[in-house]
Amino acid sequence: MWPKVVLHISWVLGLAAVVVARVARYGFTPADQGFILAGSWRLLHGEIPHADIVSARPLGSAVLHTIDFLSPAPLFISSVYIAMVQIIVFTIACAALLTRTSPLQWGPMRTLLVAGAALINLHLFTLMAWHTIDGLMLSAVGWWLIDAGLRSGSGWQRRIGLFLLGFAVMTKQSFALVVPIGLLLLFLHPAARRQRKSWQQIVADVLCLGGFPIVYVAVVAAAGGLDDALRQFTGASPTYGESLVSFWGNDFHLLPELTQAEWRTAILWVFATATAIAILWLLRERIGSAGIWLRILLAGTGATLTIVALVQTELEYPPFWAIEILWIFVAVVGLDAVVNKHFPWRPVLLVVLAFSVSLSWGYDYPALLAGTLVLATLELLLSAVPEVKVAPRVVTALLGVIGLAAAGYGLVQAHDKGIAADLPHDQLAVNLGSVAPEMNGIRTSPGVAAYVQQIKDCVQRYPAEKVAVLPDNAFVYPVMKLRNPFPLDWPLPLELVDDSAQRMLATADQLNREGNYLVLFQTVEVADMRKGKPVPDSVGTDTPVVGSADLSVVQVRFRLTGQRVDCGGFIGVWAR
């Protein structure tokens, strides 16, 4: 057993290292990257969620990623590496949950295909510590461990799984469904119905599920921030995963006219194929061998349509195509019910995860599960043709190698053609370690490097105990070891929940009284840097700041009474 465990850990860590070295360390955006780490940095300095830190989400991810600071490697490359390991781990967990198998039992083909699926799950997502990745990993691993624990009678697996589900919901509200589903699994899982539990065991299980949320709420309440937390959570703008439905549009009368609805063709054909396979399965005893061959033909057709749909996406950004991949999977979910004669709860859990991932303000696509959904579609199609004998191990291993190589090639090609957060790969010539040691290994464009250098120069030129760089640039606090006096690290309009705007102004007033501060305001849009526009060497103190439409940032700028300064592409207010 242990040699297999070591082998699987090795390939996970090795694949993550290769992806980071060739793909994930290229490109940097001063907007998103560093947002979670900035929260972790605050927690490490004793700040309390919702009392000291305003957040529209629970700060479970900030708690989790305090581990990033333990790595001996530079902070940012460590964080990118850990995030890639997380993606691989939740890809493994989803496959194990769907197939009811342990990864230790997998042969080369399934292991290699799961590795390939992890690369597709990455797509062109800017890899970083991120709450959606955390929620996915904790949910998928939690469900998998509960399922495995109930089937094997392992109490420790079941309870670790329950704890992880409770942790998942504290990373982001969009994963709220995982907790009630975990409870349903605990009592309605086929294996659970055969087991007798005492009330003490049930209480222990429920306490494991609530372990992290209970501690989190207790700490926040003890600091007097519970009311603030509730207002921050409920005051945020809701999202309902509308993109998953609006994908179809309102012109349902066009559905039969496939030539006029070409983008829906693959979904409809896969659904028709799955329906035909289900009918043939139900009639298999009457039809005989002819039905077997028809099912094999149809399953091959469905698999081909699925793979072609994936290849046609070219992993383009933004990944609107991932919604089509989800609907293709939904089209075959019914096969599990027909073939196995039960409610298809395992595939439905993947749909729930895809829905949860899509509950986002700015990234409302299930793309972080796209590779998993493709692999799951192929698994369900294959389950409908059990008559197909397993090919020799060398053949299946070769298929796995081809699948992993194709996924890797597609990812590298898409990445080199256009990185979502930065310029194309061949223009990322600067190692940010030349600016800040904690960013060593991250490569970016000369423009972004100059932008980060300007922040460092400003901080050195105008030394202060309290420093903020608004409205983006959350990365500077953990990277440059700065303390942000404001209650938000990334005060975007959607993040300004409850009384956060008033708290920003109150902080400005406090800075005026106490002094010893530097507040920088960026005048360069991150979107312009992504287009390769130059970063100015200097600007006037009356230059409009980014986010001028957001009154909170503008009000903070004019509320501060210190000396007006300009520094590179930034303007600022400084007081000794």
**Study point:** Enumeration of residues in the range 414-433 that are polar (S, T, N, Q) and modelled with pLDDT under 95
**Key:** Gln427
Revision key, fill the gap. Of the listed residues (Val394, Val401, Val412), the one being open to solvent by 40 Å² or more (accessible area, probe 1.4 Å) and closer than 25 Å to Ala16 by Cβ is Val401
Study note, to complete from the structure: Of the residues in the range 434-460, those that are in a helix (DSSP H, G or I), in contact with a Leu (Cβ under 9 Å, 6 or more places away or on another chain), in contact (Cβ under 8 Å) with a residue 40 or more places away in the chain and of a type in the set (Gly, Ala, Ser) number 1
Review point. Any idea how many residues of the range 285-313 are surrounded by fewer than 15 Cβ atoms within 10 Å (Cβ to Cβ) and within 20 Å of the chain's Cα centre (by Cα)?
Key: 0
Practice item. Filter the range 16-27 down to residues that are aliphatic (A, V, I, L, M) and open to solvent by 30 Å² or more (accessible area, probe 1.4 Å) and give me whichever is nearest to Ala421 (Cα to Cα). Key: Ala21
Practice item. For Gln232, state whether it is in a helix (DSSP H, G or I) and touching a residue at least 60 places away in the same chain (Cβ under 8 Å). Key: yes
Practice item. Residue by residue through the range 498-537, note down the ones that are more than 28 Å from Ile419 (Cα to Cα), surrounded by fewer than 20 Cβ atoms within 10 Å (Cβ to Cβ) and small (Gly, Ala, Ser). Key: Ala506, Gly515
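Do we have Asp509 as on the phi > 0 side of the Ramachandran plot, assigned by the TED database to the domain that holds Lys456 and of a type outside the set (Gly, Ala, Ser) here?
Values: on the phi > 0 side of the Ramachandran plot: no; assigned by the TED database to the domain that holds Lys456: yes; of a type outside the set (Gly, Ala, Ser): yes.
Considered against the rule, which asks whether it is on the phi > 0 side of the Ramachandran plot, assigned by the TED database to the domain that holds Lys456 and of a type outside the set (Gly, Ala, Ser), Asp509 comes out as no.
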Study note, to complete from the structure: Given the conditions (1) of a type in the set (A, V, I, L, M); (2) surrounded by fewer than 20 Cβ atoms within 10 Å (Cβ to Cβ); (3) under 18 Å from Asn473 (Cβ atoms), every one holds for Ile36 apart from (2)
**Study point:** Residues of the range 347-363 satisfying the condition of being assigned to a helix (DSSP H, G or I) and open to solvent by 40 Å² or more (accessible area, probe 1.4 Å)
**Key:** Val348, Val351, Phe355
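What's the total number of residues in the range 235-253 that are part of a helix (DSSP H, G or I) and without any contact (Cβ under 8 Å) to a residue 12 or more places away in the chain? Steps first, please.
Going residue by residue through the range 235-253, those that are part of a helix (DSSP H, G or I) are 242-246, 252-253.
Of the ones still in play, those that are also without any contact (Cβ under 8 Å) to a residue 12 or more places away in the chain are 245-246, 252-253.
Of the residues in that region, 4 qualify.
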Review point. Could you say which residue among Leu15, Leu70, Leu7 is in contact (Cβ under 8 Å) with a residue 12 or more places away in the chain and aliphatic (A, V, I, L, M)?
Key: Leu15
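Tell me the residue from Ser434, Ser445 that is open to solvent by 50 Å² or more (accessible area, probe 1.4 Å) and of a type in the set (Gly, Ala, Ser), please.
Ser434
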Check your understanding: If we only count helices (runs of 4 or more DSSP H) wholly inside the range 473-561, which ones have 3 or more residues that are under 23 Å from Pro49 (Cα atoms) and free of Cβ contacts under 8 Å to residues at least 40 places away in the same chain?
Key -> 500-514
Exercise for review: Six or more apart or on different chains, Cβ under 8 Å: which pairs go from a residue in the range 310-339 that's under 19 Å from Ala299 (Cβ atoms) to one that's hydroxyl-bearing (Ser, Thr, Tyr) and surrounded by fewer than 21 Cβ atoms within 10 Å (Cβ to Cβ)? Could you list them?
Suggested key: Ile325/Thr313; Gly334/Thr275; Leu335/Ser383; Asp336/Ser383; Val339/Ser383
Exercise for review: Return the only residue of Ile82, Ile87, Ile77, Ile92 being in contact with a Gly (Cβ under 7 Å, 6 or more places away or on another chain) and either at pLDDT below 95 or assigned to a helix (DSSP H, G or I) (or both).
Suggested key: Ile77
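Checking the conditions here, which among Asn473, Asn431 is of a type in the set (S, T, N, Q) and at positive phi? Step through it out loud before you land on a result.
Working: Asn431 fails: at positive phi.
The unique qualifying residue is Asn473.
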Check your understanding: Among the numbered criteria (1) surrounded by fewer than 17 Cβ atoms within 10 Å (Cβ to Cβ); (2) part of a helix (DSSP H, G or I); (3) more than 21 Å from the chain's Cα centre (by Cα), which single criterion is violated by Gly46?
Key -> (2)
Exercise for review: Identify, from the list Pro30, Pro3, the residue that is out of contact with any Ser or Thr (no Cβ under 9 Å at 6 or more places or on another chain), surrounded by fewer than 24 Cβ atoms within 10 Å (Cβ to Cβ) and not in a loop (DSSP other than H, G, I, E, B).
Suggested key: Pro3
Study note, to complete from the structure: Flagged pairs (Cβ under 9 angstrom, 6 or more apart or on separate chains; first in the range 138-160, among the basic types (Lys, Arg); second not in a helix (DSSP H, G or I)) are Arg151/Arg100; Arg151/His189; Arg151/Pro190; Arg151/Ala191
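Would you check which residues across the range 415-431 are part of a helix (DSSP H, G or I) and surrounded by fewer than 22 Cβ atoms within 10 Å (Cβ to Cβ) and list them? So that I can check it myself, show each step before the final result.
As a first pass, look at the range 415-431 and keep what is part of a helix (DSSP H, G or I): 415-417, 425-427.
Result: Asp416, Lys417, His425, Asp426, Gln427.
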Practice item. Pick out, from the range 108-218, the helices (runs of 4 or more DSSP H) lying fully within it that include 1 or more residues that are within 21 Å of the chain's Cα centre (by Cα) and either surrounded by 24 or more Cβ atoms within 10 Å (Cβ to Cβ) or of a type in the set (Val, Ile, Thr) (or both). Key: 108-122, 131-152, 155-169, 178-188
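The values are calculated or read from the model by the stated rules, or taken from the named source; none is laboratory data. Note that the structure is predicted; figures quoted are calculated from it, not measured. Every residue, glycine as well, gets a Cβ built from its backbone with ideal geometry; the counts of neighbours run over all protein chains shown. Surface accessibility is based on the protein's heavy atoms, side chains included, excluding ligands, DNA and RNA. Shrake-Rupley method; radii C 1.70, N 1.55, O 1.52, S 1.80 Å.
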